[in-house]
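The values are calculated or read from the model by the stated rules, or taken from the named source; none is laboratory data. Bear in mind that the values here come from a model prediction, so they are computed numbers and not experimental data. As a convention, Cβ positions derive from the backbone with ideal geometry for all residues, glycine included, and neighbour counts pool all protein chains shown. Note: accessible area is taken over every heavy atom of the protein model, side chains too, but ligands, DNA and RNA are not part of it. Shrake-Rupley method; radii C 1.70, N 1.55, O 1.52, S 1.80 Å.
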Amino acid sequence: MLLLFHFLTRILFWGLNHGHFLNQKWETIIYAFLHGVRFDASSIALLNAPLALLLFVFVWFKNWNRFTLNFTLCYFAIVNSFALIVDLIDSVYFPFTGRRSGLEVISMMRDVSLQGPQLLIEYWWLAFVIVTIVSAFIAILVSMKNRMLDIDGNLGSCLLVCLIVVMGSVFLARGGLQAKPIRSLNAYSWPKAELGALVLNTSFTLMRETTSNMQPMTFYRSNLDAYNVVKKSEGKKETVANQTPQNVVVILLESFGLEYFGPPYGSKSYAPFLESLSEQGRFFPYGVANGRRSIEAIPSIFAGIPSLMPEAFMRSPYQSNKIYGLGEILKNHGYKTAFFHGANNGSMYFDDTTYRLGFDQYYGVDEYPNTSDFDGQWGIFDEPFLQFTADKLDEIKTPFLAGVFTISSHTPYTLPKQYESIIKDGEIPMHKVVQYTDIALKKFFETAKTKAWFDNTLFIITADHTSDNFDTRFATPTGRHQIPIVLYHPQGHVKPQVVNEIAQQIDIPATVIDYLDLPERDKLMPFGRSLLRATSYDEAIIREEGAYWLMLNSQYIKLTFDGLPIYQEGTLPSTFMEKSASKKKQSEEVLRKRINAYVQLYTNGLIDNDHYPHLTNTTQ
């Protein structure tokens, strides 16, 4: 019965917001309704879980039968009516945010209460609909109560029923038997990311998503003013004109910090092949990971979103915000898209995240043909999985965009048996698996060179984040984010050189769009830049130690809040050694203006679902 009422609220949601889904086919709309049943069942189970547990107590007191029945129906009526009301109200609030509401709406309760009378007048019809639906729901419950008064049974059968109810509730609350419980992100994986809001229900997002307690920033009068502060002037593009459509392969190396390179960067090289490849490409030794976790790297690299809040974007209440992923942009120009990750499918929600960013195909453990290559914990060893990736790319129609994410350079530092006697230990256990991944990468390129698509492919090689620091020079708030970034093209379309400028993961979307000469530069978030052009401001923004950090040229500025903003300025550590002479020193005023602008663009963009203040409504 409850599923039918939630289905009814979804119909109303779709009817009131059908303009948001105009470009969707009827069959995908129907699939979205069907997928929504999974989330409805989960929210129903979560809401009524306390009741299911209480029944275990009540069942021992047979004299309480009437009380148990009355309590059950009252609980059922109040809690589930509230869920229906929330879903109905959000149907009219959705056009203002473009996403299902989460706990962030609590911060708006004061404004809503102040506007209560006006809202009631404007949405009188919604109040009528709510009263009608809730009244019908309660009336059905009352009629059910009258038929249940004579129901009785012995203690054993009652306990069995309670056990079945609890087990069923757990199954429904998790959304099935998969490895991890469903989250809002799963709603965007099928049938289409654009229908995620239709698949979800608001009571689910309120229960399953946590608030980041973000407050709007007012450093500048508007987000557009903030954007104009950080808007960069760029020089001429340093690439060779492309006569043939170009493929793009972005390779993320698990936990590959810059310190694994040899001098003058690290103390000893544990990645000789990657170093040799960097000499043949455009190498940014002062690359910066915008986050510290793998789940933060994917949105940074493929959508240009820095990680500036405690929770990852794809686990935050803002995960349903409108964003333009590289996959989505390139598909509009005839590109095929695929993502390869050797871990178990569903690991850190990478499959759903990449679908969200426009990747149509996902290859993980489930798609890999040989289970004997499993490492015993995470997934498929890097060497065989990268060979699998090269062969699969050969089957994809060009041009294509591919994301490739390795897994072996990670705890518990497991090597394939054939390499245990070949690879020597380093100073820490991580060193041996870094060497293994470097060997796997080398063999991947050896295989890729034999493929027809290789010569027309831009490779971007970087890391998701760093790992434990064995070199104490990197054990600093900024050093813990230092990763290599390499742009390599077999035909030299990207001029090989070492660029002693700061680069960051969120520069990659702008770099790809620029390299391919695509017109959608206005669909890039305002944080990154193209690494193919010189700029007066080479910078990176991160969150570390509970503060915002802006690294600009050879300097940094740190911003914390203790009622009022507190700034701390300094010089980057020795691991950015070549930076000190590369650009003139900026004034503290410039540093403050830029970090204020970035923090406002990020924070207000999340709250307002407006990450592209420079993008006109007609373009959007």
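Values as computed for the structure displayed
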{"item": "Pairs, first without any contact (Cβ under 8 Å) to a residue 12 or more places away in the chain and over 14 Å from T437 (Cβ atoms) in segment 257-282, second open to solvent by 10 Å² or more (accessible area, probe 1.4 Å) and in a loop (DSSP other than H, G, I, E, B), C-beta under 9 Å, six or more apart", "result": "P263/S269"}
{"item": "Among the residues listed as S81, S91, S43, the single one being in contact with a Ser or Thr (Cβ under 6 Å, 6 or more places away or on another chain), within 30 Å of N321 (Cα to Cα) and polar (S, T, N, Q)", "result": "S43"}
{"item": "Any chance Y75 is modelled with pLDDT of 80 or more, of a type in the set (S, T, Y) and within 35 Å of the chain's Cα centre (by Cα)", "result": "no"}
{"item": "Total residues in segment 448-463, condition open to solvent by less than 50 Å² (accessible area, probe 1.4 Å) and farther than 20 Å from A241 by Cα", "result": "5"}
{"item": "Scope segment 282-307; condition surrounded by fewer than 24 Cβ atoms within 10 Å (Cβ to Cβ), among the charged types (D, E, K, R) and at pLDDT below 95; matching residues", "result": "R292, R293"}
{"item": "In segment 357-378, the residues that are open to solvent by less than 50 Å² (accessible area, probe 1.4 Å), farther than 23 Å from M525 by Cβ and at pLDDT 95 or above", "result": "Y362, Y363, G364, V365, Y368, D373"}
{"item": "Any hit, segment 532-539, residues being closer than 19 Å to K237 by Cβ, surrounded by fewer than 22 Cβ atoms within 10 Å (Cβ to Cβ) and either among the β-branched types (V, I, T) or touching a Cys at 6+ places or on another chain (Cβ under 9 Å) (or both)", "result": "yes"}
{"item": "Answer from I30, I89 - the residue that is closer than 14 Å to L195 by Cβ, β-branched (V, I, T) and either open to solvent by 50 Å² or more (accessible area, probe 1.4 Å) or touching a Cys at 6+ places or on another chain (Cβ under 6 Å) (or both)", "result": "I30"}
{"item": "Residue under evaluation E279, criteria (1) over 24 Å from G342 (Cα atoms); (2) among the acidic types (D, E); (3) surrounded by 22 or more Cβ atoms within 10 Å (Cβ to Cβ), criterion not met", "result": "(3)"}
{"item": "Cβ pairs under 9 Å, 6+ apart, first in segment 534-549 and without any contact (Cβ under 8 Å) to a residue 12 or more places away in the chain, second surrounded by 15 or more Cβ atoms within 10 Å (Cβ to Cβ)", "result": "none"}
{"item": "Residue within segment 417-429 that is under 27 Å from the mean Cα position of the chain (by Cα) and in contact (Cβ under 8 Å) with a residue 24 or more places away in the chain present", "result": "no"}
{"item": "Number of the exception - R480 against (1) in a loop (DSSP other than H, G, I, E, B); (2) touching a helix residue (DSSP H, G or I) at 6+ places or on another chain (Cβ under 8 Å); (3) at pLDDT below 95", "result": "(1)"}
{"item": "Residue pairs meeting the criteria (Cβ under 7 Å; at least 6 apart or on separate chains; first at negative phi, in segment 24-45; second assigned to a helix (DSSP H, G or I) and polar (S, T, N, Q))", "result": "S43/S203; A45/S169"}
{"item": "Residue check for V229: open to solvent by less than 50 Å² (accessible area, probe 1.4 Å) and aliphatic (A, V, I, L, M)", "result": "yes"}
{"item": "Residue check, T466 assigned to a loop (DSSP other than H, G, I, E, B) and either surrounded by fewer than 18 Cβ atoms within 10 Å (Cβ to Cβ) or in contact with a helix residue (DSSP H, G or I) (Cβ under 8 Å, 6 or more places away or on another chain) (or both)", "result": "yes"}
{"item": "Conditions (1) assigned to a loop (DSSP other than H, G, I, E, B); (2) at pLDDT 90 or above; (3) aromatic (F, W, Y): number failed by Y556", "result": "(1)"}
{"item": "Test: residue in segment 572-586 that is assigned to a strand (DSSP E or B) and either open to solvent by less than 50 Å² (accessible area, probe 1.4 Å) or charged (D, E, K, R) (or both)", "result": "no"}
{"item": "Tabulated pairs, segment 335-356, first within 18 Å of A193 (Cα to Cα) and open to solvent by 10 Å² or more (accessible area, probe 1.4 Å), second hydroxyl-bearing (S, T, Y) and in a loop (DSSP other than H, G, I, E, B), C-beta under 6 angstrom, 6+ apart or interchain", "result": "D352/S189; Y355/S189"}
{"item": "Single residue of segment 6-27 satisfying the filter (part of a helix (DSSP H, G or I) and more than 28 Å from F137 (Cβ to Cβ)) that is most open to solvent (accessible area, probe 1.4 Å)", "result": "W26"}
{"item": "Filter result (of a type in the set (V, I, T) and closer than 15 Å to P613 by Cα) within segment 224-245", "result": "V229, V230"}
{"item": "From R529, R594, R543, residue being outside any helix (DSSP H, G or I), open to solvent by less than 40 Å² (accessible area, probe 1.4 Å) and basic (K, R)", "result": "R529"}
{"item": "The lone exception for D507 - which of (1) modelled with pLDDT of 95 or more; (2) in contact with a Phe, Trp or Tyr (Cβ under 8 Å, 6 or more places away or on another chain) it fails", "result": "(2)"}
{"item": "Unique match (being assigned to a loop (DSSP other than H, G, I, E, B) and surrounded by fewer than 16 Cβ atoms within 10 Å (Cβ to Cβ)) among I428, I423", "result": "I428"}
{"item": "Residues that are under 28 Å from A452 (Cβ atoms), among the polar types (S, T, N, Q) and not in a strand (DSSP E or B), drawn from segment 233-260", "result": "N242, Q243, T244, Q246"}
{"item": "Any hit, segment 32-48, residues being charged (D, E, K, R), at pLDDT 80 or above and under 23 Å from L3 (Cβ atoms)", "result": "yes"}
